[in-house]
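Since the structure comes first, as structure tokens, the remarks are kept for the end.
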Amino acid sequence: MSARTVRIGGAAGYWGDTANGPEQLVLHGDVQYLVFDYLAEVTMAILAKARSKSPDAGYATDFITQVIKPLAGEIARRRIRVIANAGGVNLQACAKAIRAALAEAGVSLKVGTVEGDELLDRSEELRARGVREMYDGKPLPAKLASCNAYLGAFPIAAALDAGADIVVTGRVVDSAVTLGALVHEFGWTPQDWDRLAAGTLAGHLIECGCQATGGNFTDWEQVAPGWDRMGFPIAECSADGSFVITKPADTGGLVSPFTVGEQLVYEIDDPQAYIVPDVVCDFSGARLVQQAPDRVHVSGVRGRPRTPDYKVCATHDDGFRATFLQTITSFDAPRRARANGEAILSVARRRLAQQQLPDFRGAAIHLTGTNTLWNPAHRPPVDANELVLRVDVWHERYSGCEVFSKEAAGAALSMTTGRCAAGPTGRPKTTPVVRPFSFLLSKTEVPVKVAVDGCAIAFDWQRLAAAPPMQPAPTLEIVEARAAQGDTVRVPLIRLAVARSGDKGDRSNIGVLARRPDYLPYLRDALTAEGVRDWFAHTGTPRVDRFDLPGLAALNFVLHDALGGGGAVSLRLDVQGKTFAQQLLHFPVTVPRALLGDAV
């Protein structure tokens, strides 16, 4: 690494994350930058609804209550610069609240804003042009709740160049809050593809908070003693693009090639084509080296020219849903629970017909405690005397879900015994279903505005809208050195690898990292795309793609259409595929007995 480094602390991975992160990093992290990622797709719709009720709402209020108000004095004293996409769908209201909180604290800091992502007022124009969903080809819905382009890092850098101490944005790609700081600090240009890709990876690694420092780690017992005081991640970055992931001293968690590696493969789809507004990243050759305790050096990232389009995420209302929960115990619990759920749906459907309402769009029964998430062909046997019955319904009308809610509550005295509450008491609550709608839009059609303390800053966004010619990804060379075969043994995947899974809309990603490089050939033999598809046949996935990351001795699997629509639309128990890695870690793999040595 070069002599000068910049320390950036990832203080929040979502709106609602713990207040421990910003406090810990400001007081004990010795960071120059504090970055926050608040905005998920559904969060945008929630904020849009809040704005429709109040002109002063529609932004991530946690940024004011957990960061600016309690920490403004220390942030100013330590000269920490702050970048957050807390603006949501009401950037100016957020900036106003920041300035009010700073004034109340008696602190003078410059506030920069990045605008241009909001496209809701162009809905009719986009609909008239025949905009289609980028995954399923459906037309733009008649009424949108939100519509925002994912902007990049260079507008953030422009605000910092103009002296902003705090930069707040609307929708930007998650890693842009980190990359923007690095572009400003090191003067990276829009053509520094490798450095931009490396900075994007630094942002990707810290954007989910403690997931990079041992949170959600496969080998959980290594980090469980520190769960109550987890250290938030710090990216210590150099001008050449290399960086170290670490955390504050005397905090819980672990920074190792596996904890960092699990986050690296998290939700990346094709690791050779991780696309953000500023660059197309190739993570396949990334290397992670333990430099010292809780310090992992990251290198080997490559970049290619950016694409000509922004990804745009719109959201729209798509009916209503309700969920009924009930604990059932004693003899024949699984059979009684299923009969109970089916009876509730039966009587609810009869009431719908009587009221001349359409049937449910979807309904699902889950028996939590009976391995309900698993493929029945591979489901570990269980003899459950106690479980939680969960019944979900989705209806196009609020009144339809209310029929279900009344009948579910009314079954208390007429159906099974051995029951008690499994959550809040009373009738199930009816809530709106918010569906995302993604499409591409030329960057030339999305003007970006940058300001500091309300004064416009000259920013040449058109230069970034002109994308160079696309370049294909280089051909990966897979070297497979195998041990002498001899006697073989079948072991579960967890003996040979760690794994992490998550979602991208209706697709699930499962990243698998070999515990030793010489295990990788046997993982590749066993974990074919077809084999993984069959393992998850119960999800209905029609196709699985497998990608290689030879630099990490890792594989990434993308399961298409595996989440029942994903997010708020899905009636699955696991709507984001977060449990898929744990299911795959039971997959049987055949390896030479000698390769495992005494560990067999």
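The values are calculated or read from the model by the stated rules, or taken from the named source; none is laboratory data. Please read all numbers here as calculations on a predicted model, not as lab measurements. As a convention, Cβ positions derive from the backbone with ideal geometry for all residues, glycine included, and neighbour counts pool all protein chains shown. The protein model used for the area step is the full one, side chains on, heavy atoms only, and it has no ligands, DNA or RNA in it. Shrake-Rupley method; radii C 1.70, N 1.55, O 1.52, S 1.80 Å.
Overview of values
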quantity: Positions within segment 538-549 being within 22 Å of Leu476 (Cβ to Cβ), in contact (Cβ under 8 Å) with a residue 24 or more places away in the chain and either surrounded by fewer than 17 Cβ atoms within 10 Å (Cβ to Cβ) or acidic (Asp, Glu) (or both), in sequence order; calculated: Asp545, Asp548
quantity: Single residue of Thr189, Thr200, Thr218, Thr251 found to be at pLDDT 95 or above, over 23 Å from Thr18 (Cβ atoms), surrounded by fewer than 24 Cβ atoms within 10 Å (Cβ to Cβ) and of a type in the set (Val, Ile, Thr); calculated: Thr189
quantity: Where Gly362 falls short, out of the listed (1) over 24 Å from Trp535 (Cα atoms); (2) open to solvent by 90 Å² or more (accessible area, probe 1.4 Å); calculated: (2)
quantity: Residue list for segment 376-389, restricted to those being open to solvent by less than 50 Å² (accessible area, probe 1.4 Å) and either modelled with pLDDT of 95 or more or of a type in the set (A, V, I, L, M) (or both); calculated: Ala384, Leu387, Val388, Leu389
quantity: Val347, sole failed condition from (1) touching a helix residue (DSSP H, G or I) at 6+ places or on another chain (Cβ under 8 Å); (2) within 30 Å of Ala466 (Cβ to Cβ); calculated: (2)
quantity: Residue in segment 99-112 that is open to solvent by 50 Å² or more (accessible area, probe 1.4 Å) and polar (S, T, N, Q) present; calculated: yes
quantity: Residues satisfying the stated conditions in segment 240-266, i.e. among the acidic types (Asp, Glu) and in a loop (DSSP other than H, G, I, E, B); calculated: Asp240, Asp250
quantity: Test: residue in segment 285-299 that is outside any strand (DSSP E or B) and open to solvent by 30 Å² or more (accessible area, probe 1.4 Å); calculated: yes
quantity: Residue ranges of helices (runs of 4 or more DSSP H) in segment 107-217 with at least 2 members under 24 Å from Asp278 (Cβ atoms); calculated: 154-161, 176-186, 193-206
quantity: Candidate set: segment 516-537, residues that are in contact with a helix residue (DSSP H, G or I) (Cβ under 9 Å, 6 or more places away or on another chain) and in contact (Cβ under 8 Å) with a residue 60 or more places away in the chain; chosen: the one most open to solvent (accessible area, probe 1.4 Å); calculated: Asp518
quantity: Which numbered condition Ala343 misses (of (1) crowded, with 18+ Cβ neighbours inside 10 Å; (2) farther than 27 Å from Arg171 by Cβ; (3) of a type in the set (A, V, I, L, M)); calculated: (1)
quantity: Residues of segment 360-381 classified as farther than 29 Å from Pro492 by Cβ and charged (D, E, K, R), total; calculated: 1
quantity: Selected residue (only one of Leu25, Leu47, Leu34, Leu71 is among the aliphatic types (A, V, I, L, M), more than 18 Å from Val168 (Cα to Cα) and outside any loop (DSSP other than H, G, I, E, B)); calculated: Leu25
quantity: Unmet criterion (only one of (1) in contact with a helix residue (DSSP H, G or I) (Cβ under 6 Å, 6 or more places away or on another chain); (2) modelled with pLDDT of 95 or more) for Gln356; calculated: (1)
quantity: Criterion: in a strand (DSSP E or B) and open to solvent by less than 40 Å² (accessible area, probe 1.4 Å) - qualifying residue of Thr370, Thr315, Thr307; calculated: Thr315
quantity: Residues located in segment 332-361, provided they are hydrophobic (A, V, I, L, M, F, W, C) and in contact (Cβ under 8 Å) with a residue 60 or more places away in the chain; calculated: Ala333, Ala337, Ala339, Ala343, Ile344, Val347, Ala348
